[in-house]
Amino acid sequence: MRCKTIYKLGIPLWCCLFPALPLVAAEIEAVPETPVPTQATHETIPAEAPVTAPGVQPERQQTQVPVAPSPLPTEKPAPLPPGLAQSLSRAQAIMDRPAINWPEESRSEEVTPDFYQGIQVTDAMTRSEDPYMRQRALESIQAIDPTQLLPAWNALRDPNPENRMLAIEYLRQAPAESLAKLLLEHLNGPEGAQWTTVLEEPLASLRSTMEPYMIAVLQGGDRPLIEQRIALWSLGRMGSLAALPLLSEGAWSLEPALVEESVYALEALRNTTTVPVWAKLTQHEHYAVRQIAVKNLNTLGGPESFDALAALALGATPIDPILQQDVVRGLTQWPPEETVPLLLQVMHQNPNVRRLVGAYFRQLTGATLPDMAPQWEVYFYGSSESVPGYNDTPQPGLTGNDLLDNVPFVPPGFQPG
């Protein structure tokens with residue numbers, strides 16, 4: 001009866017026969033199973049909760065159980081490289097040292113910088129892609145040796161405008177003779193054509209330094225031809241008006257190379273003070289010089305240029321027929337109210353350009369009149385007597401300013417009554 005009752009309560013029959021066995025089983029189940037470690041490390045794993053019989057409290061509950069690493073198969077390590085082994089041994093020796101006892105007095109020797117090694121470093125910096133590095137290189141070179149001008153000269157073609165301005169500032173402080181030597185070497189070298197373009201802008205900024213020296217080169221007369229040519233070229237790009245008499249004199253030189261350089265230097269000045277020089281050069285023996293003179297008179301403009309061109313168009317100043325046509329073509333680019341009275345006079349006096357003037361009038365007005373001056377005078381002013389400054393007889397002393405007094409301009413297509 002008792003066994004049956006216990007069986008109904010869910011307690012196994014054998015627990016009644018052996019009452020101490022459940023406690024033993026609970027203690028056995030409370031001991032966790034030790035897993036096999038996969039790595040040779042010490043780990044702490046959580047222990048499983050102990051299993052006890054109902055109503056029985058375990059003596060102690062273990063939450064963490066340290067797991068000792070199991071030995072793995074050992075392999076012989078590979079030997080270290082000689083350099084690494086030596087470095088490791090030195091590092092270990094430093095770590096094993098006791099505290100360092102510094103001497104009470106210490107003295108350091110002065111270090112003398114290696115000039116050539118510094119120049120090599122800064123020279124490499126000048127070729128850097130970073131503009132700031134190139135700027136620092138220029139500053140360092142000037143600090144080490146201000147007489148080293150080549151890096152600053154090469155920096156004149158630096159793509160960064162700030163570096164170019166810095167180079168100009170350094171070159172301004174250099175002797176003019178040293179700059180002239182660099183100029184001669186580079187313009188006369190294999191990259192001379194490129195340097196002529198590079199130096200267009202910097203030479204104007206270096207005028208105060210180089211102008212007196214270049215003028216002295218031309219005044220000496222005993223310098224080599226190449227130096228005289230470079231002096232002429234430089235003075236023109238500097239915009240040196242102080243050298244205008246020398247440039248004008250060089251344009252009439254017997255040496256063709258000096259004539260060429262002088263003419264191009266005058267053209268580079270781009271100043272109306274050169275108009276009298278160009279007016280005289282329209283009588284030069286070389287046709288190319290006369291042609292350049294006519295072109296610059298038209299380009300510079302102004303009353304003096306107009307007077308010179310009027311004298312050439314009217315024939316008062318002798319000039320070959322081809323250049324007379326160039327003069328008339330240039331005058332057609334001036335305002336019509338200034339050129340119409342003059343060109344009417346030219347049509348009367350210069351048959352060489354009469355057809356050219358008539359073509360210009362037809363393009364200007366749209367009229368279909370022939371190349372006859374009286375008909376165009378009637379078209380523009382109503383009668384020949386009404387043309388300002390007109391006279392049937394040639395007037396060698398007539399100038400453009402005389403023709404500009406009280407000149408009315410007739411709009412194209414207007415037909416006077």
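The values are calculated or read from the model by the stated rules, or taken from the named source; none is laboratory data. Keep in mind that this is a model prediction, so the values were computed, not measured. Because the Cβ atoms are built from the backbone with ideal geometry, glycine has one as well, and the counts that use them run over all protein chains shown.
Could you please find all residues in the stretch 229-245 being surrounded by fewer than 20 Cβ atoms within 10 Å (Cβ to Cβ) and out of contact with any Lys or Arg (no Cβ under 9 Å at 6 or more places or on another chain)? Can you show your working first?
Residues of the stretch 229-245 that are surrounded by fewer than 20 Cβ atoms within 10 Å (Cβ to Cβ), as a first pass: 239, 241-242, 244-245.
Listed by number, the residues that qualify are Leu241, Ala242, Leu244, Pro245.
Candidates Ile168, Ile215: the one that is on the phi < 0 side of the Ramachandran plot, modelled with pLDDT of 90 or more and more than 18 Å from the chain's Cα centre (by Cα) is Ile215. Return a yes/no flag: does the stretch 335-350 have any residue that is within 27 Å of Leu247 (Cβ to Cβ) and within 40 Å of the chain's Cα centre (by Cα). No: the stretch 335-350 contains no residue that is within 27 Å of Leu247 (Cβ to Cβ) and within 40 Å of the chain's Cα centre (by Cα).
Exactly one condition in (1) within 30 Å of the chain's Cα centre (by Cα); (2) among the basic types (Lys, Arg); (3) within 30 Å of Tyr287 (Cα to Cα) is not met by Arg207; state its number. Unmet condition: (3).
Among the numbered conditions (1) farther than 26 Å from Ala268 by Cβ; (2) out of contact with any Phe, Trp or Tyr (no Cβ under 8 Å at 6 or more places or on another chain); (3) of a type in the set (Phe, Trp, Tyr), the only one that Phe361 does not meet is (2). Within the stretch 360-368, the presence of a residue that is at pLDDT 85 or above, under 48 Å from the mean Cα position of the chain (by Cα) and basic (Lys, Arg) is excluded.
Condition (residue is within 17 Å of the chain's Cα centre (by Cα) and without any contact (Cβ under 8 Å) to a residue 60 or more places away in the chain) applied to the stretch 171-189: is it met by at least one residue? No, because not a single residue in the stretch 171-189 is within 17 Å of the chain's Cα centre (by Cα) and without any contact (Cβ under 8 Å) to a residue 60 or more places away in the chain. Does Leu156 count as in contact (Cβ under 8 Å) with a residue 40 or more places away in the chain and touching a Pro at 6+ places or on another chain (Cβ under 9 Å)? Spelling it out, Leu156 is indeed in contact (Cβ under 8 Å) with a residue 40 or more places away in the chain and touching a Pro at 6+ places or on another chain (Cβ under 9 Å).
Taking the conditions exactly as written (aromatic (Phe, Trp, Tyr), outside the structural domain of Ile322 (by TED's automatic domain parsing) and either out of contact with any His (no Cβ under 6 Å at 6 or more places or on another chain) or within 29 Å of Pro224 (Cβ to Cβ) (or both)), does Tyr287 satisfy them or not? So Tyr287 does not fit the description; no. Being of a type in the set (Gly, Ala, Ser), in contact with a Leu (Cβ under 8 Å, 6 or more places away or on another chain) and outside the structural domain of Glu255 (by TED's automatic domain parsing) is true of Ala155. Within the bounds of the stretch 275-293, is there any residue that is surrounded by 14 or more Cβ atoms within 10 Å (Cβ to Cβ) and under 27 Å from Ala174 (Cα atoms)? No: the stretch 275-293 contains no residue that is surrounded by 14 or more Cβ atoms within 10 Å (Cβ to Cβ) and under 27 Å from Ala174 (Cα atoms). Of all residues in the stretch 203-226, those being surrounded by fewer than 17 Cβ atoms within 10 Å (Cβ to Cβ) and acidic (Asp, Glu) number 1. Residues in the stretch 331-366 that are among the hydrophobic types (A, V, I, L, M, F, W, C) and loosely packed, with under 15 Cβ neighbours inside 10 Å: Ala359 only.
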